[in-house]
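> Let me give you the structure first, and then I'll get to my questions.
Here, each number is a calculation from the coordinates, and none is a lab measurement. A quick note: this is a predicted structure, and the numbers were derived from the prediction, not measured. As a convention, Cβ positions derive from the backbone with ideal geometry for all residues, glycine included, and neighbour counts pool all protein chains shown.
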Amino acid sequence: MSGPRLGLGLSRELWLIQAGVLLNALGWGAVLPFEVIYLHDARGFSLGTAGLVLGTLTGVAVVAAPCAGPLIDRFGARAGAAGSGIALAVGYAGLGLAHTEAWAFAAAALGGAGNGGLLPAQSTLIAGLATADTRHRATAVSRVCTNAGFGIGGALGGIVAGFGTGGFVALFFLNAATYLGYVGVLLAVVRRPRAPAPLPGGYRRVLRDRAFVHLAVANTMVVAVGWGLLPWVLPTYAERAVGVGPRLIGLLLLANAVTVVVAQVPIARAAEGRRRTVMMATGAGLIAAACLLALGARDAAGGADAALLAAAVVIGVGECFHTAALMPLVADLAPSGLRGRYMAAVGLSWWIGLALAPTLGTRLLGVSVALTFAVCAAAAAAAGVAMIRLEGRLPARARLTPRPGHRAERHASAAQGGATPTTRSPTMW
């Protein structure tokens, strides 16, 4: 990686990419809460059709994510991220102009293709531009930017949506503009990375990596509970079983986002020198505890609001522990010529987890509230155990989150023929 390092040891290019991530999240956060309302109220689609249109965004992303991997490895992560951004911009602008169902489905399919490609391309780009010992910090900053942008966008979207149909359309075009701004950053200021030598085997080689497959399956379980519980299961439970109003439900989402913004970078720095599997297991354990805390809100006389808010905060902290290790570990496991496929495969595990949450979680709520949260807690706990068991499959070089500068100091000393500097022993959690 060329260029001077700035804050947190990240390069100017990386910080500019993070600005683009913030911009993307702002546009997405502004439009997301109003997608169904817009299609139903402004365009006259039935609620079922509106749901299917939005389901197309996710469904096509599930198919597009693995298809994006070979393209990223062949043409580069910058090209993949730029192409995905353009597809999302055209797709969301198309939704803003959708007067017929056929038009809406076509626009959603294009946006879904962009959704499927953006995460693996962006993750591959960040992993390639960061040094091996700062990837966890770059990932942490990306999450902070995503959550901050989403929160700001949501507040902005609520104001703009108040202008009726014109406001809704403006939100979709605003979202499209933020994606184009991101593409402009990529093309104008991010250098074109050197394409790695192609490796034979493709996804067959990825699937033969038992450590990675183990990690991807466990990640699906964590995402289904940790990222799926808050937006889809907890609000319905809070309204129907606990009896809270929309204002508190909004505060739950805000509390979670603020927690990530405040805690993600400090937790990523605290992870340095520590075992990645234990960091992720700790995150899963916190998410399991949050499930039980949320369930207890039903019987917490006078303290239900506090219990639900505490659960949202604990989920946020658990997410921070998990993501501090996940993507840097994937980057370390992946050969450079297959990194796009590895990132696409782990991106697919995210989409599957997010699809499971509303599908199974809401159905379980209709059967039994206690069963719902018991299953969620058990799934998170099982994922935590799986993370611990992953340790033995990982290569030694990938087990710890590195300390920035430590590796460089050792290499410089060896080159000069001197002794390796004395450092603290890694903390083994």
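> Report the FRET efficiency, 1/(1 + (r/R0)^6), for L187 and A270, where r is their Cβ-Cβ distance and R0 is 35 Å, rounded to 0.05.
0.45
> With unit charges on the beta carbon (Lys/Arg positive, Asp/Glu negative), name the residue among C67, A304, G94 whose Cα is farthest towards the positive pole of the charge dipole of the chain.
C67
> Given the DSSP H assignment, sum -39500 (n - 2.57) over each helix run of at least 4 residues in the chain and divide by its residue total; what's the result at 222 nm in deg cm²/dmol, nearest 500?
-24500 deg cm²/dmol
> Still on this model: Explain nothing, just the number: dipole magnitude of the range 204-399 about its Cα centre with +1 on each Lys and Arg Cβ and -1 on each Asp and Glu Cβ, in debye rounded to the nearest 20.
So the dipole magnitude of the range 204-399 works out to roughly 880 debye.
> Let me ask another. For the chain, place one equal point scatterer on every Cα, skip the solvent, and apply the Debye formula. What is log10 of I(q)/I(0) at q = 0.09 Å⁻¹?
The calculated log intensity ratios at q = 0.09 Å⁻¹ are -0.56.
> Could you please rank F163, F212, placing first whichever residue has the fewest other Cβ atoms within 10 Å of its Cβ?
So the ranking, lowest neighbour count to highest, is F163, F212.
> In nm, what is the difference between 0.36 nm times the number of residues separating I37 and H214 and their Cα-Cα distance?
59.8 nm
> In addition: Which length gain, in nm to one decimal place, applies between C67 and R389 when the Cα-Cα distance is subtracted from 0.36 nm times their residue separation? Could you put the intermediate results ahead of the total?
Values: separation 322, 0.36 × 322 = 115.92 nm, distance 3.00 nm.
This chain segment gains 112.9 nm when fully extended.
> Which whole-number percent gives the relative contact order of the chain, counting Cα pairs below 8 Å spaced six or more residues apart?
24 percent.
> Continuing with this model, one more query. Just need the relative contact order of the range 204-399 here, percent rounded to a whole number, with Cα pairs under 8 Å and 6+ apart.
Reported as a whole number, the value is 40 percent.
> Next question. Summarise the long-distance tail of P(r) for the range 10-195 by giving the % of C-alpha pairs beyond 30 Å. List each step's numbers first, then the result.
Values: 3196 of 17205 pairs.
For the range 10-195, the share of Cα pairs beyond 30 Å comes to 19 percent.
> Rounded to the nearest 0.05, what FRET efficiency do I159 and A374 give with R0 = 41 Å and r taken as the Cβ-Cβ distance? Could you check?
After rounding, the FRET efficiency stands at 0.55.
> If packing is taken as the mean number of other Cβ atoms within 10 Å per residue, what is the order of 47-59, 145-157, highest first?
Peptide ranking by packing, descending: 145-157, 47-59.
> Direction-averaged shadow area of the convex hull around the Cα atoms of the range 121-176, nm²?
4.4 nm²
> Right, another one. What's the center-to-center distance, using Cα atoms, between the range 297-339 and the range 257-283 in Å?
Here the answer is 9 Å between Cα centres.
> Which ordering of W232, W103, W350 is given by a fewest-first count of other beta-carbon atoms within 10 Å?
So the ranking, lowest neighbour count to highest, is W103, W232, W350.
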